[in-house]
Structures are given as C-alpha cells and as structure tokens.
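Comments concern the structure below.
The values are calculated or read from the model by the stated rules, or taken from the named source; none is laboratory data. The shown structure was predicted, so the numbers you read here are calculated from the model rather than taken from an experiment. Neighbour counts run over all protein chains shown; Cβ positions are idealised from the backbone, glycine included.
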Amino acid sequence: MNALRLVLALLLPLIAGCASHTPAPVVDRSAGAAAEKPKLAVPTALVAPDAGAGYHSVKKGETLYSIALDHGQDYKDVAAWNNLDNPNLIRIGQQLRVSPTDSGAVAVAKPVIASAPVEIKQVAPAVTATRSTVSSNTETLKREPKGGKLAWSDEALAKARQGDAAPKPVETKAEAKPGEAKPEAKPVEAKPAEKPALAGDEVEWMWPANGKLIAPYTEGASKGLDIAGKAGDPVLAAASGVVSYAGTGLRGYGNLVVLRHNATYLSVYAHNSKLLVKEKDTVARGQKIAEMGSTDTESPRLHFEIRRQGKPADPQKFLPAR
C-alpha cells in the first residue's frame, strides 16, 4: 500500500505538466487545401499600348481635315477607316488610322494545298512504218503507184521506179543577172519624236497665279508660298487632278481647294473669295478653280502649297522658272 502511494505521488506532477501544454495545430493537407494559392492584386486601369505606325494621335487644335492633309490622305477615307459618321467629332488623344493598311500587321503565309495526284498513263511508242511493214487489214492500207492509178504494164512499172529513185529538185532563189540593177529597199518613214510620258509619281506643274511672289516657302515657318493679286483674280490648277477637298474646314486657310494629282502629290489653294469647283471634280492643268480673295488673311493673295506624301515641299523646286 505504501508502495502504491509512492508511485502515485511520482506520477501526479508528470500528468499535470502534460495537461498544461496547448495541443499542436492540425494542418489540413487534403487536395482542396493544397490547391488554394494567394491571389494577386489586379490593377484597376491598364495603359493602352502605342498604336504604332499608320495611326495618329489627335492633338489640340487639329481637325480631321488637317490630319488628313498632313498625311496625304482624303478626309473621307480617314473618316471611313475610323468609322466616323461626323468628321467634326474627334477628341484629343484619339487614335486615328491614317493609312489604308495596318503597317504593323504581320502577313501570314497561306498554306500550300497539295493538288490531287495525277495519274500518268504510259503511251506505247509509235511504230514507224517501213516498206517491209504490211498491215493485216488490207482494206485500210492500200499500195498504189505514185501519180494515181495506172493500168498495169512494164512501162508504167519502170516509170514508177524511176520516180521513187529520182531526187527532189532543190529550190533556188533567182539571182540578179550581170548588168541588172538590184532592186532598192524602200526607205523607212521616220515618225516625229513623241513627248516622253511622265512617270507614275511625276507631275507637270505650272504657276497657279500671275501675281508677285510676296512670301516664299520657309521650312518650319511657312508651308507654301504667297502670291499677291487683286480680289477676283483667277486661281488656276497647277496640274491636272481631282478635287479632294473644297471648303473652310482648315483653320487659317479660309476658302480652300485641295487637288490630288496622284498617289504622291497634292496641291493646296487657300484664301480664295469664291470656289468654282466641288469635291470629286476632275480638273485640267490651267483650269480656273477659284477666285483670289483675303479669307483668313489680311490682303488679297493666294497661298499655294505642294505636298509630297502629305509633307510640305518647296513649290519653287517644282514650278517652272519665271
């Protein structure tokens, strides 16, 4: 009994110590718990990438007409490429397509589809008939003496044999006899030289007005040159082309006419008092397209520009010398 009490006295402190410890945490290692991962915060706004070549970002003060002119395009085409019903409704920062094709697009080669196998049939080579070859069908192959059918005789047979052996005559060209003049060759008539045609991107220019040059082209300052005159003086098309624009949509240009001459060149006629053409009209070189005026300027004048791929160029490098 005393021994039992002694054992219990020794075990009581150990039992009490174990009861005071907090149990170890239990970790759920099931498949569902393992699949969960911490979520990453998603930014609420993303910055749109740069549109790249073939696009223009609208800046303050720009209009669709000025953007189209600066890129050498028709404003109606730019409006169509960007699905704009109203060309006057554009906003600052808007990305506008100014090229008919996306230059950043990567062309994907079309797969080559193999055609169905072609069955090649072997054709037996033709057999050249010889005199020793005899057809089994006597109705289709008949032997006759040359010259047609003749009555049988030793004389006819001898003539036929002589005809087979005789060589064929060789044709000879007639030569001029000694003393005779040879026929003279007819002289070839020379055609008058034609004016060389212009290349696809070349234009034959002329001065659009007869007044005095009062302001030359200055790179970075003036996009064209100014020609003085009186109100009502004729403004002529500097080259043949099609009217790309006629109106007052470009600030600072007044009554304006823009002609497209080809895929490379445009010409601009500004400050007119009266426009005599409308969009899509075809005009000839030297045709009167407007009357000189002073709209959006201080005195009657013609502001004239030549644009190459939409970029202003010095008109005096294209116009003939005065």
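Would you please list the contacts, defined by Cβ atoms under 8 Å and residues six or more apart or on different chains, that run from a residue in region 209-237 that is in contact (Cβ under 8 Å) with a residue 12 or more places away in the chain and farther than 13 Å from Arg301 by Cβ to a residue that is of a type in the set (Ser, Thr, Tyr) and not in a strand (DSSP E or B)?
Close Cβ pairs (under 8 Å, with a partner that is of a type in the set (Ser, Thr, Tyr) and not in a strand (DSSP E or B)) amount to Lys223/Tyr217.
Looking only at region 296-322, filter to residues that are part of a loop (DSSP other than H, G, I, E, B) and small (Gly, Ala, Ser); which one of those is surrounded by the fewest Cβ atoms within 10 Å (Cβ to Cβ)?
Ala321
From the list Ala270, Ala263, Ala238, which residue is of a type in the set (Gly, Ala, Ser) and at pLDDT below 95?
Unique residue meeting the criteria: Ala263.
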